[in-house]
1. State yes or no: is Ile344 closer than 30 Å to Arg279 by Cα, buried (at least 19 other Cβ atoms within 10 Å of the Cβ) and either among the small types (Gly, Ala, Ser) or without any contact (Cβ under 8 Å) to a residue 40 or more places away in the chain (or both)?
2. Sort through Ile238, Ile210, Ile169, Ile257 and tell me the only one that's among the aliphatic types (A, V, I, L, M) and within 30 Å of His350 (Cα to Cα).
3. Cβ-Cβ below 7 Å, separation at least six or inter-chain, first residue in segment 75-92 and closer than 19 Å to Ile320 by Cβ, second of a type in the set (Ser, Thr, Tyr): which pairs?
4. If a residue has to be in contact with an Asp or Glu (Cβ under 7 Å, 6 or more places away or on another chain), surrounded by fewer than 21 Cβ atoms within 10 Å (Cβ to Cβ) and modelled with pLDDT of 85 or more to count, how many in segment 228-256 make the cut?
5. If I filter segment 183-195 for residues that are within 30 Å of Arg275 (Cβ to Cβ), out of contact with any helix residue (DSSP H, G or I) (no Cβ under 6 Å at 6 or more places or on another chain) and not hydrophobic (A, V, I, L, M, F, W, C), do I get at least one hit?
6. Before we move on, is Lys361 loosely packed, with under 15 Cβ neighbours inside 10 Å, over 18 Å from the mean Cα position of the chain (by Cα) and charged (D, E, K, R)?
7. Would you confirm whether any residue within segment 168-179 is under 16 Å from Pro272 (Cα atoms) and either touching a Lys or Arg at 6+ places or on another chain (Cβ under 7 Å) or aromatic (Phe, Trp, Tyr) (or both)?
8. From the list Pro219, Pro175, which residue is in contact with a Leu (Cβ under 6 Å, 6 or more places away or on another chain) and surrounded by fewer than 16 Cβ atoms within 10 Å (Cβ to Cβ)?
Amino acid sequence: MFIVQEEITFFKNLHRLGIVYNRNYPIKVLLLVIKELLLAILKVLFEPQPHHRSKEILLTIMEMSDISKYLNDDTVFNAINKQFVSLQQKDIKECNIHVQKVVNELVKRMSNADTFFKTVYQRILFGGSFYKGTKVGFPEEFDLNIIIKLPINYNLIKVESCQPGFVKIYSGLKPNELTDDLKVHRGLKKLLDQNMYLDQEKFRRWMESILTKTVAKLPGQDGCRLLYTDSKQYKICIRKNGPAFSLYIEIFDNKIICIDLVPVLELIQEVPNIRYNLRYFQKKNWFAVPKPLGDKGMYLYWRTSFYEQEKEILSKNGKIKPVFRQIKKLRDTQHWKHLASYYIETLLLHVLKENINLETKSCTFLFMMMLENLHIALKNKCIPYYWDTNYNLLSRLKYEEISNIEGRLRNIILKINRCIQNDPFVIASYILNAQELLILKYPQNKETLEDPQNRKSLECQHSSNNWNCAIL
């Protein structure tokens, strides 16, 4: 009776701390969670708290030398990268095969469905973070550009400046003198305005109509369409997302990947007002993307894209890629969905431009430097476009969205600076979720912690200042 009463008291005390325990749950995991909880309590009770927060934030941002001696060891960084961030070669190879099969078959059917598309289609550019080497986790999202070359004299094309980060494209054509081929003439005319400028909205609508028409011809099943290749059947669904058309494809065992198809124009004309001359890069071509600016009536404005040049910069700074991936992993863990990967990448490009000898620094040091630069950018509500600094990438976000992330990031940096001397896992505690952190710290219990039956119990808010955790 005494033992039963003690057990009841024990579980009541756990409940007061916000821990709900199911007796069927493995006791080893319970003890690990309780240990982490007690350590968090002790840190809060005995660590000195700052009295002048604004001053400390300034020192945190400006004086990295204060903590740099604790950032030289990459042991934890490398373990995170290997276990939770880097892509598995098997997954890379397998997903690549499926993506190429689906896209090649789809493009073939699009060419059969539209004569003009068949005339202007050039190739697929496999872009995005997966092909830049900055993807985090399982490869389930792919960005592909459908490169279009219009049947006009590209030497007559004029690229004109308009809004920062955007251009207008004058075709150099005259009305009724487009081409002798009637079908091509009609197709080309659909993409131009009355002054012979290329209209990005008409361009998107044209591509949308071809994709919709192509997919509509596929047999249906369970609300999806079936696409047959030479060796496999795929279930696909299509959705429109800005300038992209998202294909959701079931590849195997209910595993779904998303392919964003974006039609783009490939150009070599000089771009007005860009910060860097493309002559100094291996590839001089750039892309005009039919991405809406957002304001009514700006259908002639095309977003500039320098994917090839950005990829080249990153490839020359290979050590920075794992840092970028872990920043993205932190963003995902903290649920900062408004902080787009391209915003982080752009900030990284600025850091690479302004700093030399980064290869001599540890990855952990570079990670903290990036966090502090990201905080500065969010505090200023500005991440300038790398190629035209007059364009603020954050201009489309709401003030509250930026402020919420900035405040949270400020607290994370402060906590890391206070604890890094005595806690080598403090950075990891923000990059990883609760389950991943326990696996990192206690690899001998990995099998138990990865058990799907135990996973839900670790889906708690992972914060050293929040101890509410449900163990089911």
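The values are calculated or read from the model by the stated rules, or taken from the named source; none is laboratory data. Note that the structure is predicted; figures quoted are calculated from it, not measured. In this analysis, Cβ positions are derived from the backbone assuming ideal geometry, glycine residues included, and neighbour counts consider all displayed protein chains.
1. Working: closer than 30 Å to Arg279 by Cα: yes; buried (at least 19 other Cβ atoms within 10 Å of the Cβ): yes; either among the small types (Gly, Ala, Ser) or without any contact (Cβ under 8 Å) to a residue 40 or more places away in the chain (or both): yes.
For Ile344, the condition - closer than 30 Å to Arg279 by Cα, buried (at least 19 other Cβ atoms within 10 Å of the Cβ) and either among the small types (Gly, Ala, Ser) or without any contact (Cβ under 8 Å) to a residue 40 or more places away in the chain (or both) - is met.
2. Working: Ile238 fails: within 30 Å of His350 (Cα to Cα); Ile210 fails: within 30 Å of His350 (Cα to Cα); Ile257 fails: within 30 Å of His350 (Cα to Cα).
Being among the aliphatic types (A, V, I, L, M) and within 30 Å of His350 (Cα to Cα) holds for just one of Ile238, Ile210, Ile169, Ile257, which is Ile169.
3. From segment 75-92, the pairs are Phe77/Thr364.
4. Total meeting the criteria: 4.
5. Checked segment 183-195: at least one residue is within 30 Å of Arg275 (Cβ to Cβ), out of contact with any helix residue (DSSP H, G or I) (no Cβ under 6 Å at 6 or more places or on another chain) and not hydrophobic (A, V, I, L, M, F, W, C).
6. Numbers: loosely packed, with under 15 Cβ neighbours inside 10 Å: no; over 18 Å from the mean Cα position of the chain (by Cα): yes; charged (D, E, K, R): yes.
In short, no.
7. Taking segment 168-179 as the starting set, the residues that turn out to be under 16 Å from Pro272 (Cα atoms) are 168-170.
Okay, now just the ones that are also either touching a Lys or Arg at 6+ places or on another chain (Cβ under 7 Å) or aromatic (Phe, Trp, Tyr) (or both), so 170.
Yes, the conditions are met somewhere in segment 168-179.
8. Working: Pro175 fails: in contact with a Leu (Cβ under 6 Å, 6 or more places away or on another chain).
Of the residues listed, the single one that is in contact with a Leu (Cβ under 6 Å, 6 or more places away or on another chain) and surrounded by fewer than 16 Cβ atoms within 10 Å (Cβ to Cβ) is Pro219.
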